[in-house]
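This report refers to the structure that appears directly beneath it.
The values are calculated or read from the model by the stated rules, or taken from the named source; none is laboratory data. This is a predicted model, so every value here is computed, not measured. Because the Cβ atoms are built from the backbone with ideal geometry, glycine has one as well, and the counts that use them run over all protein chains shown. Each accessible area value is taken on the protein alone, full model and side chains, heavy atoms only, with ligands, DNA and RNA left out. Shrake-Rupley method; radii C 1.70, N 1.55, O 1.52, S 1.80 Å.
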Amino acid sequence: MPNKQASHPIPSCCVMSPGPAGNISDSRARCSNAAVKWIRGELIGRGTYGRVYLALSMTTGKSQLVAVKQVDSPQAIRDENDQCQATFVHSVERVSKLLVDLNHRHIVQYLGFEECFVDHSRVMNIFMEYVSGSALGYCLREKGRFSEDVSKFFMLQILRGLRYLHSRRIIYRNLKADSVLLERDGSCKLSDLEFSTMEDKIHKLPFTSVQRILPWMAPEVICHQKEGYSVKADIWSLGCVLLEMLTGKRPWYEDELIMVTIKVKQNKRPPIPPEVTLSDLAMNFRDLCFAINPDERASASHLRRHPYLELPDDWKFRGFNG
Ligand SMILES: Nc1ncnc2c1ncn2[C@@H]1O[C@H](COP(=O)(O)OP(=O)(O)OP(=O)(O)O)[C@@H](O)[C@H]1O
(Lines give C-alpha, C1' and ligand atoms only; values in the text may rest on other atoms or scores of the structure.)
Protein backbone atom coordinates (compact mmCIF):
# COMPACT_ATOMS: atom_id res chain seq x y z
CA MET A 1 0.00 0.00 0.00
CA PRO A 2 1.54 3.33 -0.99
CA ASN A 3 2.29 5.98 1.60
CA LYS A 4 0.28 9.13 1.44
CA GLN A 5 1.24 12.31 3.20
CA ALA A 6 -1.29 13.42 5.79
CA SER A 7 -3.62 16.13 4.63
CA HIS A 8 -2.75 18.10 7.77
CA PRO A 9 0.98 17.77 8.27
CA ILE A 10 2.41 19.48 11.32
CA PRO A 11 3.25 22.98 10.17
CA SER A 12 6.70 24.51 10.20
CA CYS A 13 8.76 21.50 11.30
CA CYS A 14 8.26 18.92 8.57
CA VAL A 15 11.83 18.82 7.43
CA MET A 16 11.67 15.21 6.24
CA SER A 17 8.84 13.31 4.63
CA PRO A 18 8.37 9.82 3.31
CA GLY A 19 6.95 10.24 -0.16
CA PRO A 20 4.29 8.49 -2.11
CA ALA A 21 6.41 5.58 -3.32
CA GLY A 22 7.70 4.02 -0.09
CA ASN A 23 6.06 1.35 2.02
CA ILE A 24 6.86 2.13 5.59
CA SER A 25 5.76 -1.27 6.84
CA ASP A 26 8.64 -2.96 4.98
CA SER A 27 11.64 -3.46 7.25
CA ARG A 28 13.82 -1.40 4.91
CA ALA A 29 11.25 1.00 3.57
CA ARG A 30 12.48 3.54 1.05
CA CYS A 31 10.68 6.83 1.32
CA SER A 32 11.18 9.98 -0.63
CA ASN A 33 9.59 13.19 -1.73
CA ALA A 34 10.82 16.19 -3.60
CA ALA A 35 12.26 17.91 -0.52
CA VAL A 36 14.03 15.21 1.49
CA LYS A 37 14.60 11.48 1.14
CA TRP A 38 15.25 8.94 3.85
CA ILE A 39 15.66 5.19 4.14
CA ARG A 40 14.50 3.30 7.19
CA GLY A 41 16.99 0.84 8.69
CA GLU A 42 16.93 -1.55 11.64
CA LEU A 43 14.75 -1.32 14.73
CA ILE A 44 16.96 0.02 17.55
CA GLY A 45 14.50 0.42 20.40
CA ARG A 46 10.93 0.33 21.62
CA GLY A 47 9.25 2.70 24.06
CA THR A 48 5.76 2.86 25.49
CA TYR A 49 4.44 4.89 22.56
CA GLY A 50 6.56 3.98 19.55
CA ARG A 51 9.33 2.09 17.80
CA VAL A 52 12.69 3.71 17.13
CA TYR A 53 14.56 2.96 13.87
CA LEU A 54 17.96 3.84 12.56
CA ALA A 55 17.54 5.72 9.27
CA LEU A 56 19.58 7.37 6.60
CA SER A 57 18.45 10.81 5.62
CA MET A 58 19.64 12.16 2.30
CA THR A 59 19.25 15.88 2.18
CA THR A 60 20.69 17.68 -0.80
CA GLY A 61 23.97 16.05 -1.56
CA LYS A 62 24.80 14.57 1.85
CA SER A 63 23.58 11.58 3.84
CA GLN A 64 23.27 11.46 7.61
CA LEU A 65 22.39 8.74 10.13
CA VAL A 66 19.32 9.71 12.13
CA ALA A 67 16.90 8.01 14.52
CA VAL A 68 13.20 7.93 13.66
CA LYS A 69 10.57 7.26 16.30
CA GLN A 70 7.38 5.95 14.67
CA VAL A 71 4.24 6.44 16.68
CA ASP A 72 0.88 4.96 15.70
CA SER A 73 -1.88 7.51 15.89
CA PRO A 74 -5.26 5.79 16.40
CA GLN A 75 -8.11 7.00 14.21
CA ALA A 76 -10.74 5.72 16.59
CA ILE A 77 -10.57 5.55 20.36
CA ARG A 78 -11.46 1.97 21.23
CA ASP A 79 -9.87 1.57 24.62
CA GLU A 80 -7.63 3.23 27.18
CA ASN A 81 -4.48 2.38 25.19
CA ASP A 82 -5.83 4.21 22.11
CA GLN A 83 -6.74 7.16 24.32
CA CYS A 84 -3.20 7.34 25.77
CA GLN A 85 -1.66 6.98 22.32
CA ALA A 86 -3.89 9.73 20.87
CA THR A 87 -3.14 12.04 23.80
CA PHE A 88 0.56 11.41 23.29
CA VAL A 89 0.32 12.33 19.59
CA HIS A 90 -1.56 15.55 20.44
CA SER A 91 1.10 16.36 22.98
CA VAL A 92 3.82 15.86 20.35
CA GLU A 93 1.97 18.15 17.96
CA ARG A 94 1.78 20.77 20.70
CA VAL A 95 5.51 20.70 21.52
CA SER A 96 7.00 19.92 18.08
CA LYS A 97 8.03 23.52 17.38
CA LEU A 98 9.48 23.87 20.87
CA LEU A 99 11.57 20.70 20.46
CA VAL A 100 13.13 21.49 17.08
CA ASP A 101 14.20 24.86 18.46
CA LEU A 102 16.25 23.24 21.25
CA ASN A 103 19.97 23.10 20.63
CA HIS A 104 22.26 21.79 23.38
CA ARG A 105 24.98 19.17 23.48
CA HIS A 106 23.28 17.28 26.32
CA ILE A 107 19.87 17.20 24.66
CA VAL A 108 19.00 14.97 21.70
CA GLN A 109 18.55 17.20 18.66
CA TYR A 110 15.03 16.99 17.23
CA LEU A 111 15.16 17.33 13.45
CA GLY A 112 11.53 17.30 12.42
CA PHE A 113 8.07 15.74 12.63
CA GLU A 114 5.55 14.52 10.10
CA GLU A 115 2.41 12.48 9.80
CA CYS A 116 1.68 10.01 7.04
CA PHE A 117 -0.70 7.13 6.32
CA VAL A 118 0.59 3.56 6.26
CA ASP A 119 -1.92 0.89 5.28
CA HIS A 120 -4.73 3.35 6.10
CA SER A 121 -3.29 3.98 9.58
CA ARG A 122 -1.96 7.33 10.68
CA VAL A 123 1.69 7.24 11.72
CA MET A 124 3.74 10.06 13.19
CA ASN A 125 7.46 10.09 12.45
CA ILE A 126 9.74 11.93 14.87
CA PHE A 127 13.22 12.55 13.42
CA MET A 128 16.12 12.91 15.83
CA GLU A 129 19.87 12.95 16.00
CA TYR A 130 21.13 9.34 16.30
CA VAL A 131 22.96 8.57 19.56
CA SER A 132 25.43 5.72 19.13
CA GLY A 133 25.48 4.11 22.60
CA SER A 134 22.70 2.77 24.86
CA ALA A 135 20.27 4.21 27.35
CA LEU A 136 21.70 4.72 30.82
CA GLY A 137 18.94 2.49 32.22
CA TYR A 138 20.01 -0.32 29.90
CA CYS A 139 23.66 0.01 31.08
CA LEU A 140 22.49 -0.20 34.70
CA ARG A 141 20.51 -3.36 34.00
CA GLU A 142 23.46 -4.89 32.12
CA LYS A 143 26.36 -3.84 34.35
CA GLY A 144 24.82 -3.12 37.75
CA ARG A 145 25.28 0.05 39.76
CA PHE A 146 27.86 2.63 38.72
CA SER A 147 30.85 3.80 40.75
CA GLU A 148 30.32 7.09 42.58
CA ASP A 149 32.62 9.03 40.20
CA VAL A 150 30.85 7.68 37.11
CA SER A 151 27.48 8.61 38.65
CA LYS A 152 28.76 12.14 39.33
CA PHE A 153 30.06 12.42 35.76
CA PHE A 154 26.61 11.58 34.35
CA MET A 155 24.83 13.78 36.90
CA LEU A 156 26.89 16.79 35.82
CA GLN A 157 25.91 16.29 32.20
CA ILE A 158 22.23 15.68 32.99
CA LEU A 159 22.26 18.85 35.10
CA ARG A 160 23.70 20.88 32.21
CA GLY A 161 20.87 19.65 29.99
CA LEU A 162 18.26 20.34 32.68
CA ARG A 163 19.67 23.82 33.35
CA TYR A 164 19.27 24.61 29.65
CA LEU A 165 15.64 23.40 29.62
CA HIS A 166 14.77 25.15 32.87
CA SER A 167 16.32 28.43 31.74
CA ARG A 168 13.69 28.29 28.96
CA ARG A 169 10.98 27.39 31.53
CA ILE A 170 10.57 23.97 29.97
CA ILE A 171 9.57 21.12 32.30
CA TYR A 172 11.01 17.86 31.01
CA ARG A 173 8.53 15.62 32.92
CA ASN A 174 10.19 12.39 31.82
CA LEU A 175 13.60 12.21 33.47
CA LYS A 176 14.60 8.61 34.26
CA ALA A 177 17.70 6.52 33.51
CA ASP A 178 15.98 5.08 30.43
CA SER A 179 15.53 8.55 28.93
CA VAL A 180 19.25 9.41 29.10
CA LEU A 181 21.13 8.17 26.04
CA LEU A 182 24.88 7.62 26.07
CA GLU A 183 27.39 8.12 23.31
CA ARG A 184 30.23 5.58 23.30
CA ASP A 185 32.63 8.15 24.83
CA GLY A 186 30.35 8.51 27.88
CA SER A 187 28.81 11.84 26.93
CA CYS A 188 25.08 11.75 27.50
CA LYS A 189 21.95 13.35 26.12
CA LEU A 190 18.43 13.76 27.44
CA SER A 191 15.94 12.13 25.07
CA ASP A 192 12.23 11.32 24.98
CA LEU A 193 11.28 14.98 25.43
CA GLU A 194 7.83 14.64 23.88
CA PHE A 195 6.23 15.00 27.33
CA SER A 196 7.87 18.37 27.91
CA THR A 197 5.78 21.44 28.46
CA MET A 198 6.25 25.11 29.19
CA GLU A 199 6.10 25.95 32.88
CA ASP A 200 3.42 28.65 32.60
CA LYS A 201 1.12 26.41 30.56
CA ILE A 202 1.02 23.70 33.23
CA HIS A 203 0.34 26.15 36.00
CA LYS A 204 -3.17 25.53 37.31
CA LEU A 205 -3.87 23.06 34.52
CA PRO A 206 -5.32 19.70 35.48
CA PHE A 207 -3.25 16.56 35.30
CA THR A 208 -3.42 15.23 31.75
CA SER A 209 -3.74 11.59 30.70
CA VAL A 210 -0.53 11.86 28.63
CA GLN A 211 1.28 11.59 31.95
CA ARG A 212 1.34 8.04 33.22
CA ILE A 213 2.30 7.69 36.86
CA LEU A 214 5.97 6.74 37.11
CA PRO A 215 8.06 6.03 40.21
CA TRP A 216 10.39 8.91 39.21
CA MET A 217 7.62 11.49 39.55
CA ALA A 218 7.53 14.22 42.17
CA PRO A 219 4.77 14.26 44.83
CA GLU A 220 3.11 17.36 43.34
CA VAL A 221 2.85 15.57 39.96
CA ILE A 222 1.60 12.24 41.33
CA CYS A 223 -0.80 13.88 43.77
CA HIS A 224 -2.23 16.18 41.11
CA GLN A 225 -2.25 19.30 43.23
CA LYS A 226 -4.49 22.02 41.90
CA GLU A 227 -1.76 24.66 42.04
CA GLY A 228 0.07 22.74 39.30
CA TYR A 229 3.80 22.13 39.23
CA SER A 230 7.02 23.71 38.00
CA VAL A 231 10.49 22.80 36.71
CA LYS A 232 11.23 21.66 40.28
CA ALA A 233 9.32 18.47 39.44
CA ASP A 234 12.35 17.48 37.32
CA ILE A 235 14.68 17.95 40.31
CA TRP A 236 12.85 15.22 42.25
CA SER A 237 13.27 12.92 39.21
CA LEU A 238 16.97 13.87 39.11
CA GLY A 239 17.33 12.63 42.72
CA CYS A 240 15.67 9.38 41.58
CA VAL A 241 18.20 9.00 38.73
CA LEU A 242 21.08 9.55 41.18
CA LEU A 243 19.68 6.75 43.37
CA GLU A 244 19.29 4.53 40.28
CA MET A 245 22.95 4.99 39.39
CA LEU A 246 24.29 4.56 42.94
CA THR A 247 22.10 1.56 43.81
CA GLY A 248 21.37 -0.08 40.44
CA LYS A 249 17.66 -0.12 41.38
CA ARG A 250 14.73 1.96 40.20
CA PRO A 251 13.24 4.40 42.73
CA TRP A 252 10.79 2.68 45.13
CA TYR A 253 12.38 -0.59 44.00
CA GLU A 254 10.28 -2.70 46.40
CA ASP A 255 6.90 -1.21 45.56
CA GLU A 256 4.16 -1.59 42.98
CA LEU A 257 2.90 1.65 41.49
CA ILE A 258 -0.14 1.83 43.75
CA MET A 259 2.10 1.63 46.85
CA VAL A 260 4.38 4.31 45.38
CA THR A 261 1.37 6.61 45.09
CA ILE A 262 0.29 5.90 48.65
CA LYS A 263 3.79 6.44 50.06
CA VAL A 264 4.32 9.65 48.09
CA LYS A 265 1.00 10.96 49.47
CA GLN A 266 2.36 10.19 52.95
CA ASN A 267 5.35 12.49 52.19
CA LYS A 268 7.80 9.56 52.07
CA ARG A 269 10.92 9.59 49.89
CA PRO A 270 12.41 6.83 47.73
CA PRO A 271 14.36 4.51 50.09
CA ILE A 272 18.06 3.64 49.91
CA PRO A 273 18.66 -0.13 49.85
CA PRO A 274 20.33 -1.36 53.09
CA GLU A 275 23.42 -2.64 51.25
CA VAL A 276 24.25 0.88 49.97
CA THR A 277 25.81 3.56 52.17
CA LEU A 278 25.80 7.14 50.94
CA SER A 279 28.35 9.72 52.07
CA ASP A 280 27.16 12.83 53.97
CA LEU A 281 27.60 14.94 50.82
CA ALA A 282 25.58 12.47 48.75
CA MET A 283 22.83 12.49 51.41
CA ASN A 284 22.80 16.28 51.36
CA PHE A 285 22.49 16.30 47.57
CA ARG A 286 19.68 13.73 47.76
CA ASP A 287 17.84 15.77 50.43
CA LEU A 288 18.01 18.90 48.23
CA CYS A 289 16.34 16.93 45.42
CA PHE A 290 13.72 15.29 47.63
CA ALA A 291 12.37 18.33 49.50
CA ILE A 292 8.61 17.66 49.63
CA ASN A 293 7.84 21.36 49.12
CA PRO A 294 8.97 22.19 45.55
CA ASP A 295 9.91 25.74 46.62
CA GLU A 296 12.47 24.25 49.02
CA ARG A 297 13.93 21.95 46.37
CA ALA A 298 17.25 23.09 44.86
CA SER A 299 17.46 24.42 41.31
CA ALA A 300 19.52 22.78 38.54
CA SER A 301 22.00 25.70 38.66
CA HIS A 302 22.45 25.30 42.42
CA LEU A 303 22.94 21.51 42.21
CA ARG A 304 25.39 21.88 39.34
CA ARG A 305 27.75 23.61 41.83
CA HIS A 306 27.17 21.18 44.70
CA PRO A 307 30.49 19.94 46.20
CA TYR A 308 29.29 16.34 45.96
CA LEU A 309 29.70 16.50 42.18
CA GLU A 310 33.37 17.55 42.24
CA LEU A 311 35.63 15.18 40.31
CA PRO A 312 39.45 15.14 40.28
CA ASP A 313 40.84 17.42 37.51
CA ASP A 314 42.41 14.50 35.63
CA TRP A 315 39.33 12.23 35.91
CA LYS A 316 38.31 10.55 32.63
CA PHE A 317 35.45 8.19 31.81
CA ARG A 318 36.93 4.72 31.31
CA GLY A 319 33.89 2.49 31.91
CA PHE A 320 31.03 2.20 34.33
CA ASN A 321 32.96 1.05 37.38
CA GLY A 322 35.95 3.40 36.98
N1 LIG B 1 17.91 9.41 19.22
C2 LIG B 1 18.16 8.11 19.46
N3 LIG B 1 19.31 7.53 19.06
C4 LIG B 1 19.56 6.22 19.31
N5 LIG B 1 18.71 5.40 19.95
C6 LIG B 1 17.53 5.91 20.39
C7 LIG B 1 17.18 7.28 20.17
N8 LIG B 1 15.97 7.51 20.73
C9 LIG B 1 15.58 6.34 21.27
N10 LIG B 1 16.50 5.37 21.06
C11 LIG B 1 16.42 3.97 21.49
O12 LIG B 1 15.07 3.57 21.51
C13 LIG B 1 14.69 3.18 22.84
C14 LIG B 1 13.24 3.58 23.08
O15 LIG B 1 13.17 4.98 23.14
P16 LIG B 1 11.85 5.78 23.49
O17 LIG B 1 12.20 7.22 23.57
O18 LIG B 1 10.76 5.40 22.55
O19 LIG B 1 11.35 5.19 24.87
P20 LIG B 1 11.92 5.07 26.35
O21 LIG B 1 12.57 6.33 26.78
O22 LIG B 1 12.76 3.84 26.48
O23 LIG B 1 10.60 4.78 27.18
P24 LIG B 1 9.17 5.49 27.27
O25 LIG B 1 8.65 5.73 25.90
O26 LIG B 1 8.40 4.46 27.98
O27 LIG B 1 9.34 6.76 28.06
C28 LIG B 1 15.70 3.83 23.76
O29 LIG B 1 15.87 3.13 24.95
C30 LIG B 1 16.97 3.80 22.90
O31 LIG B 1 17.58 2.52 23.00
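Miscellaneous remarks
- Sorted peptide list for 41-49, 139-147, criterion being average Cβ within 10 angstrom, highest first: 139-147, 41-49
- Rounded to the nearest 20, the Cβ-based charge dipole of region 113-169 about its Cα centre (Lys and Arg +1, Asp and Glu -1) stands at 420 debye.
- Where the alpha-carbon atoms of region 123-272 are placed on the principal axes, they occupy 43, 36, 32 Å, in descending order.
- Accessible surface of region 96-254, 1.4 Å probe, proportion on carbon and sulfur as whole %: 49
- The loop-placed trypsin sites (Lys or Arg not before Pro) in region 235-291, going by DSSP, include none that has at most 12 neighbouring Cβ atoms within 10 Å of its Cβ.
- Region 250-322: GluC sites (Glu not before Pro) falling in loop per DSSP and having at most 14 other Cβ within 10 Å: E254, E256, E275, E310
- Region 294-311 versus region 38-112: alpha-carbon centroid distance in Å: 32
- Links that overshoot a 18 Å alpha carbon limit, given the list K37/K69; K176/K232; K69/K189; K62/K189; K97/K232; K143/K249: K62/K189; K97/K232
- 3J(HN,Hα) along region 165-177: 4, 5, 5, 9, 6, 9, 8, 6, 6, 9, 7, 7, 4 Hz, from the Karplus curve 6.51 cos²θ - 1.76 cosθ + 1.60 with θ = phi - 60°, whole Hz, x for Gly and Pro.
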